Amino acid sequence: MDLCVSFLKTSIRPCLKHLRHPTAAKTWTVFRRTGKAMSNETKTVPRPARGLGFKLLIAAGCLMILFALLVYCFFLLLLGVVYPFRVGYHLLAGWYLYLQRVGNSLSSSPTQVVWCVIMIVLMGAVLHLLLKRGYRLRFQSENSPAVWQPRWTCAILALLLLLLGSSFAVTELTQQVWALATSQERISFAFDSQGGWKREQSGDQLAELGLALHSHQDVYGHFPAGGTFDQTGQPQHSWLTHLLPFLGEEQLYRQIDLDQPWSADANRSPFQQPLYYCLNPGLRETYRGGTEGEPTSAGYQPAQYAANSHVMNANAAPGFQEISDGSSNTLLAGEVNAQFKAWGDPTNFRDPTRGINADPHGFGGPFQGGAQFLMVDGSVRFINEDIDPAILKALATPNGGEPVGEGSVAP
């Protein structure tokens, strides 16, 4: 038996030493036969540390895997495959996006905040008492008392609050997936490598404008006017200005003096600030001209999306009830690629019946073949520039009663 033990020590243990944890120990039970009885003794053998070469090999392998993942993601972005990244983004930041969108319609007071804190504290206290009692009944013994730690309760309570925030993220992700599933735009995993992701991002920005417009409709009972004008015809403010509180731009909105025209000196500073939702990623140009394209030193920032003048016009602010042609058959806003107006300009609305990519004062996209439009129902659709003018007119008018044929809007 001694010979077997000696063999194990000299042959097997050296083979196992490279697989052991550097600080842990291994317990060996050695059996010895003495006469007719079998005895055993336990030995604790420390595990030697791994060599530097082994650690470098593991680190190099991890770096190679990380590099391969980065290259894979890079090629996905080149191909325009952005949907997986959007899913991850909405899972991580969806709670913030959801609260940012609905926060404007919520109100709170110091009393409500105090009551919220009190309820969280009471919930934590009740949770601690229940867990403490259950833990003691389950693990209490004569030799070892079972004590539930308060920090464990705090950790569980924090996890519950984190799950609450995750529910907002899932809600935001569900809304994004539903918007894609119910719109004419289909989920695609292969786009044009030159502009697929930019077109997708532009559609997302139009969808965000649609959510803000719907929030305005929910609060005031109608969409904002395409532009407001006083009794003398003096331009005042644009539809985008009135959407600022619903786009999470409350601070910028408070800087604007609504009692003065948008072009007044007092309002110059806020309208010189770029508005992310108004910049098409396929263009990204700085506004340098007015309605005639003449250079100006005012530095007003552009809007590369415009409203449908048949729905939102001068001092015209319709609601859902006034759009009898159907919310899914009526254009609300769309992309423009020439003669940009400032986002604060009250005349930032256009007539879709001019055609798509056919008139610099009409609608048009930076992507080949057509332009993207926001429908009244909040969906975003790509409309081909070769669409039948009669169908385009039917989509432009909110209550004209014209029929809209199937397949008139490209998927």
For the stretch 205-396, what class follows from the C-alpha gyration tensor (a ≥ b ≥ c being the square roots of its eigenvalues): rounded when a/c is under 1.5, otherwise prolate if a/b is larger than b/c, else oblate? oblate
Karplus-derived 3J(HN,Hα) from phi for the stretch 312-321 (6.51 cos²θ - 1.76 cosθ + 1.60, θ = phi - 60°), whole Hz, x at Gly and Pro, runs 10, 10, 5, 6, 9, 10, x, x, 4, 5
For a quick check: with amide H placed at 1.01 Å from N, whose amide H comes under 5 Å from Asp351's, ignoring anything fewer than 5 positions away on the same chain? Ser309
Residues whose modelled amide H sits under 5 Å from the amide H of Phe229, counting only those 5 or more places away in sequence or on another chain, are Gln236, Asn315
Order of Ser327, Ser379, Ser269 under a 10 Å beta carbon neighbour criterion, fewest first: Ser269, Ser327, Ser379
Work out from phi, with θ = phi - 60° and the Karplus expression 6.51 cos²θ - 1.76 cosθ + 1.60, the ³J(HN,Hα) of each residue of the stretch 268-280, listed in order in whole Hz, and give x for Gly and Pro. 5, 4, x, 7, 8, 8, x, 10, 3, 5, 9, 9, 6
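Which order, highest average first, do 236-248, 205-217 follow once you tally other Cβ atoms within 10 Å for each residue and take the mean per peptide?
Working: 236-248: 23.7, 205-217: 20.5.
Ranking the peptides 236-248, 205-217 by packing returns 236-248, 205-217.
Values in this text are rule-based calculations from the coordinates and carry no lab data. Everything numeric in this text was worked out from a predicted model, so none of it was measured. With ideal geometry, Cβ positions are generated from the backbone for all residues, glycine too; neighbour counts draw on all protein chains shown.
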